[in-house]
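Working notes for the structure below.
The values are calculated or read from the model by the stated rules, or taken from the named source; none is laboratory data. Note that the structure is predicted; figures quoted are calculated from it, not measured. Here the Cβ is made from the backbone with ideal geometry for all residues, glycine too, and neighbour counts use every protein chain on show.
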Amino acid sequence: MLYSEKVMDHFMNPRNVGKIEDADGVGEVGNAKCGDIMKIYLKIDNDVITDVKFNTFGCGSAIATSSMACEMIKGKPLSEAMELTNQAVVEALDGLPPQKIHCSVLAEEAVKAAVKDYYDKNGIEYDSTLFREGSHCDHCSNAEN
Ligand code: FES
């Protein structure tokens, strides 16, 4: 089977789908190559993520990783959310096929973009090197189409 049970489960029954109207941080990232878009909304209280929702217009792997990423950062301090890597999300899903690993990069980037949005809106200083600009996925940046 190409996809793990967990991937199929999060794809068929994604957790935390939706929008938070009064979100404290919103992150939107897109994959220029495939055109998929992921948007993550965070509710933050005292540096802790109290709620998170996402909307992903993309492939099944992008939806499964968004769902899992939201589960992994819910109730966690921002510092922990910033340490979330796409590899950790892929591991939590019991793996993705090699050609779909790049889809998980969207989830990591969207979470970071939402945290950055929160910092920017509130004038909170941060180490900008923590936020990598653009796609840092070799597969995507090297892909021909
Ligand atoms: Fe675009 Fe999966 S193919 S995110």
Just name the residue that is nearest to the ligand (Cβ to nearest atom) out of those in the range 19-32 that are closer than 24 Å to LYS100 by Cβ and in a loop (DSSP other than H, G, I, E, B). ASN31
List the residue pairs whose Cβ atoms are under 7 Å apart, where the first residue sits in the range 28-39 and is acidic (Asp, Glu), the second is near the ligand (Cβ under 9 Å from one of its atoms) and assigned to a loop (DSSP other than H, G, I, E, B), and the two are 6 or more positions apart or on different chains. ASP36/GLY58; ASP36/CYS59
In the range 34-57, is there at least one residue being among the hydroxyl-bearing types (Ser, Thr, Tyr), more than 12 Å from ALA110 (Cβ to Cβ) and within 12 Å of the chain's Cα centre (by Cα)? no
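Can you give me the number of residues within the range 8-32 that are among the aliphatic types (A, V, I, L, M), within 15 Å of the chain's Cα centre (by Cα) and buried (at least 16 other Cβ atoms within 10 Å of the Cβ)? It would help to see each step written out before you state the result.
The initial filter retains those residues of the range 8-32 that are among the aliphatic types (A, V, I, L, M), namely 8, 12, 17, 20, 23, 26, 29, 32.
Those left that are additionally within 15 Å of the chain's Cα centre (by Cα): 17, 26, 29.
Within this subset, residues satisfying the condition of being buried (at least 16 other Cβ atoms within 10 Å of the Cβ) are 26, 29.
Qualifying residue count for the region: 2.
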Taking the range 33-54 as the region of interest, how many residues are surrounded by fewer than 16 Cβ atoms within 10 Å (Cβ to Cβ) and in contact with a strand residue (DSSP E or B) (Cβ under 7 Å, 6 or more places away or on another chain)? 3
Looking at the range 33-56, is at least one residue away from the ligand (no atom under 16 Å from the Cβ) and in a loop (DSSP other than H, G, I, E, B)? yes
If the Cβ limit is 7 Å and pairs must be 6+ apart or interchain, which residue in the range 1-16 that is at pLDDT below 95 pairs with which residue that is not acidic (Asp, Glu)? LEU2/PRO97
Scan the range 89-108 residue by residue and report those that are more than 9 Å from the ligand (Cβ to nearest atom) and surrounded by 15 or more Cβ atoms within 10 Å (Cβ to Cβ). VAL89, VAL90, ALA92, LEU93, LEU96, ILE101, ALA107, GLU108
